[in-house]
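**Q** Structure provided below as structure tokens; questions to follow.
Computed from the coordinates by the stated procedures, all read-outs in this text should not be read as laboratory data. Note that the structure is predicted; figures quoted are calculated from it, not measured. Reconstructed Cβ throughout: ideal geometry from the backbone, glycine too, with neighbour counts over all protein chains shown.
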Amino acid sequence: MINITLPDGSVREYQEGVTGIEIAASISEGLARNVLAVKVNGQVWDLTRPIPQDASIQLLTWNDDEGKATYWHSSAHLMAEALEALYPGVKLGIGPAIENGFYYDIDLGEGKTLSQEDFSAIEQKMLELARQKSEFVRQPVSKADAIAYFTEKNDPYKLDLLQNLEDGSITFYTQGNFTDLCRGPHIPNTGFIKAAKLMNVAGAYWRGDEKSKQLTRVYAITFPKQKDLTEYLERLEEAKRRDHRKLGKEMELFAFSEKVGMGLPLWLPKGTLLRERLEQFMRKAQMKAGYQPVVTPHIGSKELYVTSGHYEKYGADSFQPIRTPNENEEFFLKPMNCPHHCEIYKTRPRSYKELPVRLAEFGTVYRYEQSGELHGLTRVRGFTQDDAHIFCRPDQVKQEFTKVIDLVLYVFKALGFDNYTAQISLRDPENKTKYIGSDELWEKAERAIIEAATEKGLPTVTELGEAAFYGPKLDFMVKDALGRKWQLGTIQVDYNLPERFDLEYIGADNEKHRPVMIHRAPFGSLERFVAVLIEHCGGNFPLWLSPDQVAILPISEKYHEYAHQVNEQLAEQDIRGYIDTRDEKIGRKIRDAEVSKVPYMIIVGEKEQENQIVSVRKHGLGDMGTLRVDAFVDNFRAVLSELLT
């Protein structure tokens with residue numbers, strides 16, 4: 001008999017060799033019908049794979065990310081089977097699950113292409129095959145047999161993949177008439193797949209190498225219910241309406257120029273006001289928390305980044321170095337703020353009594369992203385981080401880390417992000433060469449993060465291999481109004497940069513000690529944060545943040561003077577607005593203010609001027625009646641106060 005530990009900590013006894021599906025059936029019939037895979041000691045397995053010894057398990061369903069990933073990877077195999085049936089001779093590359101759905105890279109042969117017109121037939125074939133409820137069968141094979149199989153199939157891509165696989169580690173998966181080289185795992189059978197939709201096709205070089213052949217990448221998504229697919233497609237349409245690139249243009253927030261350069265945003269006046277409000281909000285919170293503002297240059301010498309380790313890790317992905325007339329003198333556009341802040345810390349001796357030292361900067365950094373990866377404000381080549389670095393004693397790490405968590409949660413609450421998960425990003429224990437620093441320092445840093453997150457009661461997930469090269473981190477994964485996941489705030493514990501920069505403080509024992517460094521950026525990058533915020537709220541920013549809180553719309557030129565009088569009264573109360581003095585009808589002015597998503601519209605005409613009142617409209621809600629200006633101010637402040645508490 002073996003002991004199986006469930007996620008709630010309870011332990012059940014089963015016969016050695018029990019499978020995930022048998023465990024599910026022993027718990028409930030409903031669970032057995034819905035379970036997709038089983039996580040055994042941190043690894044996802046097929047439900048039919050025997051468990052040979054004591055283990056901790058989690059039964060994965062559609063509600064689990066790893067359950068969805070298994071479902072979509074199995075769906076990729078189903079799509080490949082459909083493509084083989086419809087396009088004899090097609091060659092197959094790889095078919096992984098992605099965040100939403102999956103893709104398969106295929107080679108249809110010279111001169112053959114796929115288009116939108118072909119999608120329906122492929123979808124129908126997938127569902128026809130799914131209804132056969134073919135089981136996914138795992139079969140270990142020798143390398144020689146695997147090579148023989150794909151040689152006979154004349155599939156060069158699978159043969160290429162086999163070159164890097166060791167004998168004894170190779171498995172095939174078969175469902176119906178289709179067999180693929182695959183590690184797995186997979187769902188029990190194809191019958192779980194009830195709805196399928198091909199999304200698009202794109203070109204993709206084999207193994208991402210531009211010198212290799214370009215394949216056709218087919219993107220698709222599947223669901224266990226047709227209703228789920230319908231809702232997903234509706235969310236996609238809503239996402240198009242909320243696209244920050246579209247709204248940013250309509251609301252005149254930012255722009256891009258080919259002459260300036262790809263991935264380098266230009267902030268327009270209204271977008272700049274938005275940025276400044278966010279910066280002011282963060283500066284105020286930081287000052288209250290004991291941070292000191294600093295400013296560092298946009299460039300740094302190559303030697304600075306060699307010392308920090310950034311040159312070794314990211315030098316190839318940086319912009320080309322800036323060379324001066326002096327021989328061997330090179331500078332780089334700043335890819336990170338932290339090395340500069342280390343040098344600020346070193347400007348004078350430090351005592352244990354003055355720690356922690358908290359240095360904060362809205363620092364603009366530059367990284368060379370491939371042109372194909374650039375996307376609006378979410379992926380750019382120049383961006384501003386709300387960066388800060390805390391230099392503290394080892395006994396202060398957990399307390400400081402906890403305070404930063406509080407700051408991140410304060411930001412999320414003020415901006416309406418209430419659905420988030422804290423991802424504990426740790427080192428990959430199987431590949432430590434990607435990281436700098438000793439095992440002892442890494443273990444200390446990882447322990448501090450785990451303990452702080454536990455004590456704050458954060459909803460967490462743990463991801464191995466997602467740490468920064470110099471230390472583990474806590475990444476906040478936020479779900480927006482459409483249920484999409486974004487990585488925003490981040491906090492990192494670093495014992496390594498203080499070592500590399502030889503940072504010191506004099507302790508109570510009058511000896512030199514090494515401080516610990518905490519990196520943090522609640523917004524992450526302002527560009528990315530603004531993009532996510534635009535799409536989260538559909539451009540309807542919180543009232544305190546909106547660049548223009550009020551649009552004053554005079555019915556005709558005769559009422560411009562009264563409009564200016566109203567605007568002055570509002571400005572005295574710190575209410576931001578503008579007067580639309582265009583020679584347009586009032587209906588057009590209202591429509592344009594609605595498109596610009598101005599929270600309040602104040603209409604002034606003959607009646608309003610005579611009675612010293614204003615007619616008020618609220619964005620999305622329409623007419624709110626007439627008020628005296630001071631009454632409108634009181635109402636505005638009450639709404640603002642409620643939003644900020």
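**Q** Sorting check: for 59-71, 424-436, 552-564, which peptide has the highest mean count of neighbouring beta carbons within 10 Å, and how do the rest follow?
**A** Result, highest mean Cβ count within 10 Å first: 59-71, 552-564, 424-436.
**Q** Can you say what percent of the DSSP beta bridges in the range 550-644, counting only those with both residues inside, are antiparallel? Round to 5.
**A** 55 percent
**Q** Sticking with this one: Relative to the longest principal Cα axis of the chain, at what angle does helix 116-130 sit, 0 to 90 degrees, rounded to 10?
**A** With both axes taken from Cα atoms, the answer is about 50 degrees.
**Q** Further, regarding this structure: Give the cross-link partners of K589 among the aspartates and glutamates, using a straight C-alpha distance below 19 Å as the criterion and excluding same-chain residues fewer than 8 apart.
**A** Hits, sequence-local ones excluded: E250, E252, D548, E557, E561, D580, E606, E608, D623.
**Q** Arrange the peptides 477-485, 388-396 so that the one whose residues have, on average, the most other Cβ atoms within 10 Å appears first.
**A** 388-396, 477-485
**Q** What order do you get for 414-421, 107-114 when each peptide is scored by the mean count of other beta carbon atoms within 10 Å, highest first?
**A** 414-421, 107-114
**Q** Right, next: In the range 435-532, what GluC sites (Glu not before Pro) fall in a loop by DSSP, with at most 16 other Cβ atoms inside 10 Å?
**A** Sites meeting the loop and neighbour criteria: E466, E504, E511.
**Q** May I ask you to derive the relative contact order of the chain, considering only C-alpha pairs under 8 Å and at least 6 residues apart, and to give it as an integer percent?
**A** Reported relative contact order: 8 percent.
**Q** For the chain, what does the helix formula give at 222 nm: sum of -39500 (n - 2.57) over DSSP H segments with n ≥ 4, over the residue count, nearest 500 deg cm²/dmol?
**A** It comes out at -11000 deg cm²/dmol, rounded to the nearest 500.
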